[in-house]
Structures are given as structure tokens and as C-alpha cells.
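Inspection log for the structure reproduced underneath, given as C-alpha cells.
The values are calculated or read from the model by the stated rules, or taken from the named source; none is laboratory data. All of these numbers come straight from a predicted model, not from anything done at the bench. When we count neighbours, we look across all protein chains shown, and the Cβ atoms used for this are built from the backbone with ideal geometry, even at glycine. Keep in mind that these areas ignore ligands, DNA and RNA; they rest on the heavy atoms of the full protein, side chains included. Shrake-Rupley method; radii C 1.70, N 1.55, O 1.52, S 1.80 Å.
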Amino acid sequence: PSVWHHELIAAHAAGIPLFGASSMGALRAAELPGIVTPIGEIATRFARGTWNDDAAVALLHGDEASGFRALSLPWVNVWATAEAGARARVLTRRQAAEVCAVAEGLFYQSRTWPRVLAALGWPSARRDALASFVRASAVDLKAEDARAALRHVARARPRPSAARASRPLSSAITASAW
């Protein structure tokens with residue numbers, strides 16, 4: 001289950017530094033400015049209002065037995081890969097935008113690279129060039145942002161604050177439950 005707003009507000013009230021990145025953390029950082037610090041490209045774009053659709057970070061994944069293997073493709077990863085493709089001149093800016101629009105039109109649970117490529121309706125040579133680029137250079141922006149958050153927290157090494165020492169988290173949750 002995802003972390004609830006009131007849980008984050010309570011943790012903040014107890015003096016716990018909070019950072020959000022990659023997926024749900026990015027959304028919570030945008031929804032709770034001043035409480036959750038945004039880390040990474042995804043959180044920054046949501047916090048600025050550039051992106052506002054939760055489905056952009058949605059991901060269908062397998063169970064524990066599968067190692068929670070990704071079964072779908074988050075739109076943010078399509079965007080990052082399309083941007084990389086445009087920088088590498090594999091795609092024009094217009095083609096990159098088309099890839100993103102096509103991916104956005106697919107329900108998040110069924111969004112995969114093969115389905116995005118098939119939905120493009122491009123000539124096979126152009127589609128094959130993009131498929132080759134994806135195989136070699138696909139960007140996992142969610143993973144990059146998660147690693148950035150871990151690096152940030154490791155550098156920050158938050159220390160207990162006076163607020164945390166004087167007010168246990170359990171009382172903060174009770175006091176601010178909605």
C-alpha cells in the first residue's frame with residue numbers, strides 16, 4: 001500500500017526529514033510541498049506542475065516470487081528514452097513527441113515497448129531503428145531517480161531533531177490523523 005498523506009505529515013511533525021523520488025515519492029513531494037523534498041527529474045517535474053498524471057509513473061509488476069519484475073513500461077521511462085533518442089539523433093523532436101503521445105494513449109498496465117512500437121504505425125525501418133536504440137539505450141528514469149534519492153539521503157545523514165526527540169511518531173500520527 002502507498003504511504004498516506006497524513007502519515008507523511010505526522011512524520012514531518014515529528015522532525016523526520018522526508019524525501020520523495022521516482023514514483024509515489026515523487027507524487028507525494030509534489031502534493032506536500034515543504035513537507036517532502038523532491039529528488040530527481042520525475043519529482044521535480046511533478047512539483048513544478050510540468051507533469052500531473054499519476055499514470056505517468058504507474059507500473060504493473062509481478063509478485064515476490066518473480067522478484068517484483070516489471071510487467072509494463074512507465075510513461076516517464078518512455079519520455080526519458082525518447083528524449084535520449086532525440087539527443088542521439090535517432091529520433092527527430094517531432095518523432096520523440098509522437099512516441100510519448102502514443103505511449104500516453106496506452107493503458108499503463110498494457111504499455112510495453114513492443115506495444116508502443118506497434119502502435120506508432122511507422123515504416124518498419126524507422127521502427128526497427130527505434131527498437132535497436134531502445135534495446136541498447138533505454139532509460140530507466142524511475143531507477144535513476146531512486147538511486148539519486150539514495151545518494152542524497154546517504155550524503156544528508158539526517159540527525160535526530162529536537163522535535164523528534166520530544167514527540168514520538170505514534171503521538172504525531174494520532175494528533176494529525178484525518
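Quick notes
- Comparing Cα centroids, the stretch 68-89 and the stretch 22-52 end up 19 angstrom apart.
- Environment charge of Glu83, counting only residues whose C-beta is closer than 14 Å and scoring Lys/Arg +1, Asp/Glu -1: +1
- Inter-probe distance in nm under a simple model that places probes 7 Å from Cα toward Cβ, at Arg89 and Arg115: 3.4 nm
- Net charge of neighbours whose Cβ lies under 10 Å from the Cβ of Val57, counting Lys and Arg as +1 and Asp and Glu as -1: -2
- Applying 0.36 nm per residue to the separation of Ala143 and Arg69 and subtracting their alpha-carbon distance, the gain on full extension is 25.3 nm.
- Rounded tilt (10° steps) of 93-104 against the dominant C-alpha axis of the chain: 60 degrees
- For Ser23, neighbours were defined as the other residues whose beta-carbon sits under 11 Å from its Cβ, and their charges (Lys and Arg +1, Asp and Glu -1) total 0.
- Mean shadow area of the stretch 75-132, taken as a quarter of the surface of its Cα convex hull (nm²): 3.4 nm²
- From largest to smallest, the equivalent ellipsoid semi-axes obtained for the stretch 1-60 from the alpha-carbon gyration tensor read 19, 13, 9 Å.
- Charging the Cβ of each Asp and Glu at -1 and of each Lys and Arg at +1, and nothing else, the dipole of the stretch 77-121 about its Cα centre rounds to 120 debye.
- Residue order by solvent-accessible surface for Arg127, Arg28 is Arg127, Arg28, largest first, with ligands and nucleic acids left out and a 1.4 Å probe.
- For the chain, relative contact order (Cα pairs under 8 Å, six or more residues apart, normalised by length) works out to 29 percent.
- Placing a label point 7 Å from the Cα of Arg126 along the Cα-to-Cβ direction, the residues of the stretch 45-79 with a backbone N closer than 19 Å are 79.
- Mean silhouette area of the chain, derived from the convex hull of its C-alpha atoms and averaged over all directions, reads 12.2 nm².
- Toward the positive end of the charge dipole of the chain, with +1 on the Cβ of Lys and Arg and -1 on the Cβ of Asp and Glu, the farthest Cα among Trp113, Ala136, Ala13 is that of Ala136.
- Using heavy atoms of the protein chains and a probe of 1.4 Å, the accessible area assigned to Thr44 is about 40 Å².
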